[in-house]
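**Student:** Have a look at this one before I ask anything.
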Amino acid sequence: MTRVRGVMRLFDLSGRTAVVTGGATGIGTHMATALAEAGANIVVCARDGARCEQTASQIADLGVKSLGLSCNVADPDDVTGLIATVVERFGGIDILVNNAGATWGAPAEEQPLAGWRKVIDVNLTGTFLVTQAAGRVMLERGGGKIVNVASVAALRGAPPSIRQAAAYSASKGGVVALTRDLACQWGGRGVNVNAVAPGWFPTAMSSYTLDKAGEQILDGVPLRRYGGADDIKGAVLFLASAASDYVTGQVIVVDGGKSVW
């Protein structure tokens, strides 16, 4: 029993402060909840401030401090304000989960530039802006954990009958490259930077594709099911906790085995 308790302490986030972008819905809420269940105080942010406040209120029922804030991660002023508010209210930032995301479905030859820019601005530039601002706080304090949410779309293509979203794939590929580069830059200064790459999880963003091609998608998933809340919780908790202190620059794929076929 002593050994089990010792292992479990590696996952204890009591007293830590975690910021989860895009945390008001979907897997963002699942990840924020996982960190709260491990004891972390939680800040969830997204464009819809009211929805963030609602989610934060639900998380507070777990017995931690929580805060919901409005933030457009692609807006540098919004990001600066977000990080300043978190530091003022909680004294610092220990964990950052970059989950805010956008997509745009269209054949590549028909992709409008405005749609391309929207996806890149949120998924890649937004991840950089929040990471840069939170990273400065972590570096000054001597450490922290950053978890970027990539996607299996960063690792391989897909049949056009399932997905045509070149901007999304490119943005998530950029997130993987950014993760690895920052891991090299900041590892010696106490900041671990890793990524999770989810496969198909039922969310508002994925609902259209799952409704259209769900059977075809599941044919390519060895576990024969979509991902659920508990499937993403363990991965993000591992990367946010002391259990992953010797892990940086890595991408944990959570896709039911899809990427191995």
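The values are calculated or read from the model by the stated rules, or taken from the named source; none is laboratory data. All of these numbers come straight from a predicted model, not from anything done at the bench. For neighbour counting, all protein chains shown are included, and Cβ atoms are generated from backbone atoms with ideal geometry for every residue, glycine included. When the accessible area is computed, the model is the full protein with side chains, heavy atoms only, and any ligands, DNA or RNA have been set aside. Shrake-Rupley method; radii C 1.70, N 1.55, O 1.52, S 1.80 Å.
**Student:** Mind checking the full-extension length gain between Asp75 and Glu140? Use 0.36 nm per residue of separation minus the Cα-Cα distance, one decimal, nm.
**Tutor:** Between Asp75 and Glu140, full extension yields 21.1 nm more.
**Student:** At 1.4 Å probe size, what's the solvent-accessible area of Leu155? Round to the nearest 10 Å².
**Tutor:** 80 Å²
**Student:** Under 12 Å from the Cα of Lys172, which aspartates and glutamates turn up, not counting those fewer than eight places away in the same chain?
**Tutor:** Within reach: Asp121.
**Student:** On to the next question. Taking a probe of 1.4 angstrom, what is the accessible area of Lys258 in Å², to the nearest 10?
**Tutor:** For Lys258, solvent-accessible area is about 50 Å².
**Student:** What is the ratio of the Cα radius of gyration of region 144-261 to 2.2 N^0.38 Å, where N is its residue count, to two decimals?
**Tutor:** So the Cα radius of gyration is 1.11 times the expected 2.2 N^0.38 Å.
**Student:** Based on the Cβ-Cβ distance of Ala177 and Leu113, what FRET efficiency does E = 1/(1 + (r/R0)^6) give at R0 = 30 Å, to the nearest 0.05?
**Tutor:** Approximately 0.85, to the nearest 0.05.
**Student:** Take each of the peptides 221-230, 172-181, average the number of other beta-carbon atoms within 10 Å over its residues, and list them starting from the highest.
**Tutor:** Taking the mean over residues of other Cβ atoms within 10 Å, the ranking is 172-181, 221-230.
**Student:** Same structure, new question: Which residues in region 108-143 place their backbone N less than 19 Å from a point set 7 Å from the Cα of Ala84 along the Cα-to-Cβ direction?
**Tutor:** Counting only backbone N, you get 129-138, 140.
**Student:** In straight Cα distance, which aspartates and glutamates are under 19 Å from Lys233, not counting same-chain residues fewer than 8 positions off?
**Tutor:** Counting by Cα, and skipping residues close in sequence, Lys233 has these aspartates and glutamates nearby: Asp12, Glu37, Asp61, Asp94, Asp245, Asp255.
**Student:** Carbon and sulfur together cover what percent of the accessible area of region 185-224 at a 1.4 Å probe radius?
**Tutor:** 50 percent
**Student:** Now, a different point. Using the Kyte-Doolittle scale, which helices in the chain average at least 0.0 and also have C-alpha atoms spread 27 Å or more along the helix axis, with helices defined as whole DSSP H runs?
**Tutor:** Flagged H segments are 166-186.
**Student:** Once every DSSP H run of n ≥ 4 in the chain is given -39500 (n - 2.57) and the sum is divided by its residues, what mean residue ellipticity at 222 nm do you get, rounded to the nearest 500 deg cm²/dmol?
**Tutor:** Helices in the chain give a 222 nm mean residue ellipticity of -14000 deg cm²/dmol.
**Student:** Further, regarding this structure: Sorted by accessible area (1.4 Å probe), largest first, how do Tyr168, Tyr208, Tyr246 line up?
**Tutor:** The ordering from most to least exposed comes out as Tyr246, Tyr208, Tyr168.
**Student:** Would you grab the residues whose amide H sits under 5 Å from the one on Val253? Only those 5+ places off in sequence or on another chain, please, with H modelled 1.01 Å from N.
**Tutor:** Ala197
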